[in-house]
Amino acid sequence: MDTNEWTPAMALETSGSYWAASTLHSAIELDLFTILGDLQYDIEDIVRRIDAEERGLSMLLNALSALKLISKTGKKYFNTPFSKTFLSKDSRQYIGYIIMHHKHLTDVWVKLSRAVRSGLPVKDREFLNDKEHLENFLMGMFNVASNVAPQVAEKIDLSNCSHLLDIGGGPGTYAIHFCIKYLQLKASIYDLPPTRPFAEKTIREFKLTDRIRFVEGNYLRDKIEGSYDVVWLSHILHAEGPESCRTILQKAVSVMEPGGIILVHDFILNDTMDGPVFPALFSLNMLLNTPSGRSYSEKQIMDMLSSAGVRNLRRVPFQGFNDSGIISGML
């Protein structure tokens with residue numbers, strides 16, 4: 001988003017941008033792109049497959065066509081190459097889970113002013129107790145990370161490492177791709193019990209059950225056991241306040257072997273805290289959804305790592321999805 005030269009038209013477009021987002025959310029929720037598949041359908045065919053009223057469905061289809069998310073020729077509707085690749089559940093590159101996670105977040109984003117005034121989260125329920133929301137979140141993280149993890153594995157040299165600890169690894173995407181890249185590597189995914197079924201399912205799908213294990217635990221409350229020569233923390237720190245971040249990093253360092261590598265992957269702000277745009281907006285998402293989470297700057301993360309005894313700190317030359325970055329260090 002280039003906001004260097006704001007105009008009234010841009011302000012109004014931004015203000016109403018949730019209309020387009022809601023249109024996409026609805027199409028994913030109705031599984032419209034999967035239903036279209038490789039074929040062309042007229043409105044009557046789609047009405048029967050979705051069990052919807054023709055008036056509303058035709059408006060949705062025409063709006064999606066205007067957004068270039070589906071194509072329309074005469075009275076026939078069909079997937080674009082993009083929607084077939086990324087928005088159909090029949091594709092391995094499906095990103096609909098994370099889109100549905102964003103839909104869940106709309107309930108709290110409308111309460112942003114309340115959160116700003118109180119400094120407290122406004123979410124009404126814990127998504128770990130909501131099976132559908134948890135699935136959308138974990139599988140959404142898996143889908144997004146699946147596009148990023150192979151690039152990360154190419155940027156980070158783990159050829160001399162033997163055992164990786166993935167703290168808060170969720171479905172295990174990064175652990176899986178590190179193990180694919182480095183055949184000598186084993187990995188342990190450390191996360192809460194509800195994430196185990198999702199992690200073990202993905203580990204089985206990649207045929208890595210002999211090299212990757214899941215360890216149940218809470219990285220804030222529980223002691224982390226074992227000894228590792230590389231520790232990976234992806235999108236963990238932003239959910240916590242500074243004190244908890246320091247606790248997590250101290251625990252990570254406590255299980256590292258001398259000379260071990262620690263890697264922090266997150267949406268990283270610049271040191272003036274006012275950019276890039278996505279990490280700045282994501283910090284508001286943490287305000288809405290967590291008691292003390294936020295986006296951190298490169299300097300803040302490096303200072304926390306340094307306080308934990310980590311040295312040789314550097315920014316890895318990598319820019320990921322939504323301006324994610326990686327900071328590495330050694331014990």
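Filtered by the rule that a residue be more than 20 Å from Ile156 (Cα to Cα) and not hydrophobic (A, V, I, L, M, F, W, C), the range 228-257 gives His238, Glu240, Gly241, Pro242, Glu243, Ser244, Arg246, Thr247, Gln250, Lys251, Ser254. Within the range 186-208, if we keep just the residues that are in contact (Cβ under 8 Å) with a residue 40 or more places away in the chain and either of a type in the set (Val, Ile, Thr) or crowded, with 20+ Cβ neighbours inside 10 Å (or both), the residue that is farthest from Asn136 (Cα to Cα) turns out to be Ser188.
A quick yes/no check of all residues on (1) among the aromatic types (Phe, Trp, Tyr); (2) surrounded by fewer than 16 Cβ atoms within 10 Å (Cβ to Cβ):
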{"residue": "Leu61", "(1), (2)": "no, no"}
{"residue": "Gly74", "(1), (2)": "no, yes"}
{"residue": "Phe82", "(1), (2)": "yes, yes"}
{"residue": "His101", "(1), (2)": "no, no"}
{"residue": "His104", "(1), (2)": "no, no"}
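The single condition among (1) crowded, with 17+ Cβ neighbours inside 10 Å; (2) over 17 Å from Asp303 (Cβ atoms); (3) touching a strand residue (DSSP E or B) at 6+ places or on another chain (Cβ under 7 Å) that Lys251 does not satisfy is (3). Is it true that some residue in the range 50-57 is surrounded by 14 or more Cβ atoms within 10 Å (Cβ to Cβ), at pLDDT 95 or above and within 27 Å of Asn136 (Cα to Cα)? Yes, some residue in the range 50-57 is surrounded by 14 or more Cβ atoms within 10 Å (Cβ to Cβ), at pLDDT 95 or above and within 27 Å of Asn136 (Cα to Cα). Evaluated against (1) within 28 Å of Lys181 (Cα to Cα); (2) touching a Pro at 6+ places or on another chain (Cβ under 8 Å), Leu134 falls short on exactly one condition, (1). Tallying residues that are in a helix (DSSP H, G or I) and either polar (S, T, N, Q) or modelled with pLDDT of 95 or more (or both) within the range 109-138 yields 10. Tell me, which residue of the range 139-171 that is part of a helix (DSSP H, G or I) and of a type in the set (Val, Ile, Thr) is modelled with the lowest pLDDT? Among those residues, the one meeting the criterion is Val144. Among the residues that make up the range 47-61, is at least one of them part of a helix (DSSP H, G or I), among the hydroxyl-bearing types (Ser, Thr, Tyr) and touching a strand residue (DSSP E or B) at 6+ places or on another chain (Cβ under 9 Å)? For the range 47-61, residues part of a helix (DSSP H, G or I), among the hydroxyl-bearing types (Ser, Thr, Tyr) and touching a strand residue (DSSP E or B) at 6+ places or on another chain (Cβ under 9 Å): absent. Only one entry in Phe318, Phe278 is surrounded by fewer than 20 Cβ atoms within 10 Å (Cβ to Cβ), touching a strand residue (DSSP E or B) at 6+ places or on another chain (Cβ under 9 Å) and touching a residue at least 60 places away in the same chain (Cβ under 8 Å), namely Phe318. Of note, Phe282 does not satisfy the criterion of being within 24 Å of Leu105 (Cβ to Cβ), in the same structural domain as Pro171 (by TED's automatic domain parsing) and not in a helix (DSSP H, G or I).
The values are calculated or read from the model by the stated rules, or taken from the named source; none is laboratory data. The shown structure was predicted, so the numbers you read here are calculated from the model rather than taken from an experiment. For neighbour counting, all protein chains shown are included, and Cβ atoms are generated from backbone atoms with ideal geometry for every residue, glycine included.
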